[in-house]
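Some notes on the structure that comes next.
The values are calculated or read from the model by the stated rules, or taken from the named source; none is laboratory data. These figures come from a predicted structure and were not determined experimentally. Methodologically, a virtual Cβ is constructed for each residue, glycine included, from the backbone with ideal geometry; neighbour enumeration extends over all protein chains shown.
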Amino acid sequence: MSARPLGLESGYNGCVWPPLTENDIAALLPRWGVRPAARDPILWHSRRPFSASAIVALEDGGRLFLKRHGRALRSAETLTEEHLFARRLAGQGLPVSAPLPMQDGRTALATSDHTYEAFPLYMEEDAYRGLDSWRPYHSTAQAASSGTLLARLHQASESYRAPPRHNPPLISARHPLLHENLEEGLIPWASAQEGLTEAYPLTALRRDVLPLLAPFHEALHPLLPDDHPLWGHGDWHGANLLWHREGQDITAGRAFDFGMCDLTSAAFDLAVAIERSFISWLDPEGAPAVHEEQLLTFLHAYDARRPRTFIEKQLTACWLPLCHVTFALSEVAYYSHILGSREAADISWQDYLIGHARWFHTGRGQALLTLLKGT
């Protein structure tokens with residue numbers, strides 16, 4: 001397991017997209033009916049690997065969050081899918097960061113090269129800003145409050161009806177893994193990921209990846225009739241939450257960044273949340289450990305709000321070794337095809353896609369799966 005993260009601390013994943021400039025925001029913000037402050041309007045730039053964003057001071061004293069995507073990653077239609085889901089959750093009373101509409105009522109702006117979206121700023125703290133996935137929460141209490149909020153999201157999502165997304169890059173997709181035969185489901189989907197097979201031919205996927213995944217998929221498949229489809233967040237971790245300050249601690253107060261959402265299931269979305277925050281993938285010794293106390297607190301808080309059935313607990317465990325697969329393959333395509341970095345693509349292929357799957361065959365990985373089936 002590489003000590004180099006695939007997130008913000010990696011030299012491959014830093015600010016690969018040019019930052020927003022004052023000229024950019026001066027031209028864009030009138031579409032939302034506002035204007036930037038006259039002096040030093042850009043208060044903060046992001047350092048995320050898949051987009052460029054900034055907090056902008058406004059002429060009227062307010063602030064907003066402006067985010068820019070490359071058209072190869074997100075179209076206006078793709079962003080609108082995310083926005084409809086977030087707005088539906090907000091309408092159900094869930095605290096989420098919902099997009100700001102432009103003056104024409106749309107929430108996604110497309111130009112020849114980019115797409116844009118804007119969000120209000122909220123009173124809660126961005127307490128995990130600057131941290132990537134694969135890190136534990138700062139405390140068990142914070143892990144618990146995150147579990148409660150995710151349960152609320154799944155409850156609010158139960159009445160949302162929309163088809164699965166049409167395979168945009170970099171989302172947490174479940175549907176390629178639903179076929180009775182793993183190869184027959186995953187290979188056609190992988191073949192459609194632009195640039196993936198140029199970096200890694202299908203023979204490599206069949207040789208190096210499918211044998212690792214096959215035992216987990218065989219355990220999952222008999223349970224799939226009970227894995228009821230549900231739109232999930234797709235990237236649940238502390239840095240995608242805003243936090244309430246309560247004395248010396250903070251609690252999860254609002255969810256944001258629905259860029260990886262899709263029609264998956266509650267068990268799949270829980271597995272993503274576990275994979276993101278409760279296994280120390282970045283351990284420099286290369287032997288990831290499980291943050292068991294935080295994990296159990298997170299799950300107990302989730303179940304206190306939305307009790308899982310016995311089958312859902314089995315499904316959460318069965319999805320865990322598989323839930324990263326589609327995103328990891330899409331990330332390989334992103335780095336190799338869109339950014340032209342074979343070195344970064346190799347890390348995503350070997351350390352993320354294969355490394356994470358291989359770990360679940362180890363004693364520690366098997367122990368975690370056993371724990372989850374009974375928790």
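In the set (1) of a type in the set (D, E); (2) surrounded by 15 or more Cβ atoms within 10 Å (Cβ to Cβ); (3) touching a residue at least 40 places away in the same chain (Cβ under 8 Å); (4) farther than 28 Å from L282 by Cα, D113 fails one condition alone, (2).
Just one of P176, P120 is at pLDDT 95 or above and over 27 Å from I274 (Cα atoms); which is it?
On the way: P176 fails: over 27 Å from I274 (Cα atoms).
After ruling out the rest, the residue left standing is P120.
Looking only at the range 79-100, which residues are out of contact with any strand residue (DSSP E or B) (no Cβ under 7 Å at 6 or more places or on another chain) and not in a helix (DSSP H, G or I)? Matches in the range 79-100: Q92, G93, L94, A98.
Do we have any residue at all in the range 172-180 that's in a loop (DSSP other than H, G, I, E, B) and of a type in the set (D, E)? Give the derivation first.
At the first step, the residues of the range 172-180 found to be in a loop (DSSP other than H, G, I, E, B) are 172-174, 178-180.
Subset that is of a type in the set (D, E): 180.
Yes, the range 172-180 has at least one match.
Can you find even one residue in the range 290-297 that is over 20 Å from W236 (Cβ atoms), part of a helix (DSSP H, G or I) and either without any contact (Cβ under 8 Å) to a residue 60 or more places away in the chain or within 19 Å of the chain's Cα centre (by Cα) (or both)? Break it down stepwise before answering.
First, pick out the residues of the range 290-297 that are over 20 Å from W236 (Cβ atoms): none.
So far as the range 290-297 goes, no, none of its residues is over 20 Å from W236 (Cβ atoms), part of a helix (DSSP H, G or I) and either without any contact (Cβ under 8 Å) to a residue 60 or more places away in the chain or within 19 Å of the chain's Cα centre (by Cα) (or both).
Residues that are in contact with a Pro (Cβ under 7 Å, 6 or more places away or on another chain) and either small (G, A, S) or part of a loop (DSSP other than H, G, I, E, B) (or both) were ranked within the range 257-277; the one that is farthest from L223 (Cα to Cα) is S277. Within the range 262-278, restricting attention to residues that are surrounded by fewer than 24 Cβ atoms within 10 Å (Cβ to Cβ) and either free of Cβ contacts under 8 Å to residues at least 12 places away in the same chain or in contact with a strand residue (DSSP E or B) (Cβ under 7 Å, 6 or more places away or on another chain) (or both), the residue that is nearest to G365 (Cα to Cα) is S265. Return yes or no: is A26 touching a Pro at 6+ places or on another chain (Cβ under 7 Å) and either assigned by TED's automatic domain parsing to the domain that holds E246 or assigned to a strand (DSSP E or B) (or both)? No; evaluated as a whole, the condition is false for this residue.
Candidates S348, S330: the one that is crowded, with 23+ Cβ neighbours inside 10 Å, out of contact with any Phe, Trp or Tyr (no Cβ under 9 Å at 6 or more places or on another chain) and either of a type in the set (S, T, N, Q) or not in a helix (DSSP H, G or I) (or both) is S330.
Looking only at residues in the range 57-89 that are among the small types (G, A, S) and either surrounded by 16 or more Cβ atoms within 10 Å (Cβ to Cβ) or under 19 Å from the mean Cα position of the chain (by Cα) (or both), the one that is farthest from R165 (Cα to Cα) is A57.
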